[in-house]
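Shown next, in structure tokens, is the structure this report addresses.
The values are calculated or read from the model by the stated rules, or taken from the named source; none is laboratory data. Not measured: the values here are computed from a predicted model. Positions of Cβ are backbone-derived with ideal geometry, glycine not excepted, and every protein chain shown enters the neighbour counts. Just the protein is used for accessible areas: all its heavy atoms, side chains included, with ligands, DNA and RNA removed. Shrake-Rupley method; radii C 1.70, N 1.55, O 1.52, S 1.80 Å.
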Amino acid sequence: MSRKVVRTSKFRHVFGQAVKADQCYDDIRISTMTWDSNFCSVNPKFVSMIVDASGGGAFMVLPLSKTGRIDMSYPTVCGHTGPVLDIEFCPHNDNIIASGSEDCSVMIWEIPDGGLTSPLTEPVVKLEGHCKRVGILSWHPTAHNVLLSAGSDNVIILWNVARGEEVVRIDSVHPDLIYSACWNRDGSRILTSCKDKKLRVLDPRKGTVLFEKDKPHEGSRPVRGVFVSDGKILSTGFSRMSERQVALWDPNNFGEPLTLQELDTSSGVLLPFFDPDTGIVYLCGKGDSSIRYFEVTDEAPYVHYLSMFSSKESQKGMGYMPKRGLEVNKCEIARFYKLHERKCEPIVMTVPRKSDLFQEDLYPDTVGPDPSVEADEWFDGKEAPPVLISLKDGFVATTKAKEFKVHKSLLKTTTASAGSQPEGSGEVQSLRKEVKDLKAALEELTKRVKELETKN
């Protein structure tokens with residue numbers, strides 16, 4: 001009688017590989033702040049990371065192609081007066097990035113297409129409403145220009161970024177520090193974890209608690225949570241003996257976990273990244289030198305360990321590339337941007353396949369860059385699932401770079417208008433510089449020719 005020993009899964013042989021040294025971003029002084037955020041954000045155009053800055057806070061935004069050693073004088077985004085704690089690119093416009101800082105403000109920046117040519121100090125919009133540092137940012141997955149921010153004042157604010165105004169303020173739910181806050185796939189729920197050892201599922205517009213779980217993990221160290229498929233929740237935390245754990249919950253039956261697994265005794269907080277297309281969750285520990293990955297399925301024990309990518313150096317932070325930025329012809333199912341002390345190293349997760357054809361089972365239609373609902377409509381109660389795209393021909397942006405529109409008349413603090421800047425302002429600056437350099441070189445050569453002629 002044959003007995004099935006190994007669970008069949010197309011992701012059983014997924015392997016991680018760091019890119020070659022010349023494909024890394026070198027000589028970047030990554031921030032040394034002790035804050036448990038990713039410190040890095042990526043999209044198909046840019047990679048950005050929080051860097052050390054003397055006086056105030058700064059982060060660097062590099063075009064993906066700008067690999068190798070980054071010059072010490074490379075311009076940064078440096079408008080905050082306190083250290084930057086979290087950054088996140090807008091999912092609907094690759095040139096827009098939000099940053100939260102110890103100076104209690106949230107700022108929205110527009111990055112020109114070729115990257116920065118001079119330091120950026122003026123944000124497009126400045127959002128002020130928190131009275132303590134802002135450590136968590138999360139863009140709404142389907143609604144255009146809706147941003148969630150959470151601060152050390154235990155308050156969550158939902159902003160309408162285009163109007164520059166606070167729309168929803170959730171200030172009576174969390175009695176203590178908020179460790180994490182994230183949206184579900186269509187942005188109809190928010191999941192938070194808090195220092196009072198509770199996981200909460202909130203209605204974002206009303207700010208009411210729909211489900212609550214007390215002590216998902218017994219330990220006192222920070223808990224993180226993400227929504228996975230079918231509305232289930234995956235949490236990472238610590239046991240009473242300080243062992244790291246991963247658990248899966250059904251919010252409709254929050255009493256007992258569907259599964260709870262102990263991993264190891266490291267002290268770093270596990271940052272979970274979930275890929276809804278493949279059902280794989282990647283756990284990256286701050287200070288670890290490894291990325292563990294698991295497959296989440298409907299059959300017990302629900303969370304199945306796949307493998308682990310290990311390297312020598314520990315990670316200070318981690319960026320996760322959206323699906324549309326991956327190379328589908330190489331069967332790449334995830335790409336991480338691992339922050340070291342002085343560099344950023346891409347790590348590619350691949351499913352080994354012999355065929356060069358498009359693998360439809362690995363790449364179902366995935367979330368595209370177009371929003372499915374506008375901010376005002378969403379705040380009025382309209383829900384909409386994400387707009388999906390096919391990756392069959394490799395994702396190609398069909399629309400021009402969207403212009404980020406700000407309703408200036410409604411802004412309390414309009415520091416700079418995105419509309420007034422030509423879209424290619426960065427490119428124009430770099431072309432002017434190039435022309436200037438060429439003129440100087442030509443003058444130098446003409447001078448040299450004259451000298452040689454007089455000698456002869």
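Using a simple charge model, +1 on the beta-carbon of Lys and Arg, -1 on the beta-carbon of Asp and Glu, nothing else, what dipole does the stretch 279-378 show about its Cα centre, in debye to the nearest 20?
Numbers: 13 positive and 17 negative charges, 176 e Å.
Dipole size: approximately 840 debye.
Find how many whole Å separate the alpha carbon centroid of the stretch 219-259 from the alpha carbon centroid of the stretch 115-167.
Centre-to-centre distance over Cα atoms comes out at 28 Å.
For the stretch 178-192 and the stretch 310-347, write down the distance between their C-alpha centroids in whole Å.
23 Å
Need one number: nm distance between label points at Asn329 and Ser172, each 7 Å from Cα along Cα→Cβ, rounded to one decimal.
Going from the Asn329 label point to the Ser172 one covers 5.8 nm.
Do any chymotrypsin sites (Phe, Trp or Tyr not before Pro) in the stretch 78-183 lie in a loop, going by DSSP, with at most 13 other beta-carbon atoms within 10 Å of their beta carbon, and if so which?
Working: sites: Phe89, Trp109, Trp139, Trp159, Tyr179, Trp183; in loops: none.
Passing sites in the stretch 78-183 do not exist.
Rounded to a whole number, what % of the accessible area of the chain do carbon and sulfur atoms account for, probe 1.4 Å?
On the way: 10440 of 21330 Å².
Here it works out to 49 percent.
For the stretch 113-254, what does the relative contact order come out to in percent, with C-alpha contacts under 8 Å and a separation of six or more? Kindly include the intermediate steps, with their values, before the conclusion.
Numbers: 312 pairs, mean separation 19.3, N = 142.
Once divided by the residue count of the stretch 113-254, the mean separation gives 14 percent.
Relative contact order of the stretch 301-373, please, whole-number percent, based on alpha carbon pairs below 8 angstrom and at least 6 residues apart. Can you show the working numbers first?
Details: 79 pairs, mean separation 19.0, N = 73.
This gives 26 percent for the stretch 301-373.
So what is the relative contact order of the chain, in percent, for Cα pairs below 8 Å that sit 6 or more residues apart?
On the way: 1104 pairs, mean separation 70.6, N = 456.
Once divided by the residue count of the chain, the mean separation gives 15 percent.
Tell me the mean residue ellipticity at 222 nm calculated for the chain from its helices only (DSSP H runs of n ≥ 4, each -39500 (n - 2.57), averaged over every residue, nearest 500).
Working: 2 runs with 36 residues, N = 456.
Computed ellipticity for the chain at 222 nm equals -2500 deg cm²/dmol.
Tell me the per residue accessible area of the stretch 281-407 using a 1.4 Å probe; a whole number in Å² is fine.
Values: 6090 Å² over 127 residues.
Counting only protein heavy atoms, the per-residue value for the stretch 281-407 is 48 Å².
Projecting each Cα onto the charge dipole of the chain (Lys/Arg +1, Asp/Glu -1 at the beta carbon, about the Cα centre), which of Ser310, Val348, Val367 comes out farthest on the positive side?
Of the candidates, Ser310 comes out farthest on the positive side.
Excluding same-chain residues fewer than 8 positions from Lys439, which lysines have a Cα within less than 17 Å of its Cα?
Lys447, Lys450
Assuming R0 = 56 Å, what is the FRET efficiency of Asp264 and Thr446, from their Cβ-Cβ distance, to the nearest 0.05? Don't skip to the answer; put the middle values down first.
On the way: r = 68 Å, r/R0 = 1.21.
Plugging the Cβ-Cβ distance into 1/(1 + (r/R0)^6) gives 0.25.
For the chain, what is the charge dipole size about the Cα centre, in debye to the nearest 20, if Lys and Arg each add +1 at the Cβ and Asp and Glu each add -1 at the Cβ? Write out the running numbers ahead of the final one.
On the way: 58 positive and 63 negative charges, 161 e Å.
Computed charge dipole of the chain: roughly 780 debye.
Which one, Gly237, Val209, Gly225, is farthest towards the positive end of the dipole of the stretch 183-287 when Lys and Arg carry +1 and Asp and Glu -1 on their Cβ?
Val209
When ligands, DNA and RNA are left out and all protein chains stay put, how many square angstrom of accessible area per residue does the stretch 1-93 have with a 1.4 Å probe? Can you show the working numbers first?
Numbers: 4510 Å² over 93 residues.
Spelled out: the 1.4 Å probe surface of the stretch 1-93, per residue, equals 49 Å².
Does the stretch 52-164 classify as rounded, prolate or oblate by the C-alpha gyration tensor (a ≥ b ≥ c root eigenvalues; a/c under 1.5 gives rounded; else a/b over b/c gives prolate, otherwise oblate)?
Values: a/c = 2.13, a/b = 1.36, b/c = 1.57.
Note, shape of the stretch 52-164 comes out oblate.
Heads up, I need the accessible area for Ser65: 1.4 angstrom probe, whole protein in place, Å², nearest 10.
Using a 1.4 Å probe on the heavy atoms, I get roughly 100 Å².
Might you tell me the accessible area per residue for the stretch 203-277, computed with a 1.4 Å probe and given in Å²?
Details: 3300 Å² over 75 residues.
Per-residue accessible area for the stretch 203-277 comes out at 44 Å².
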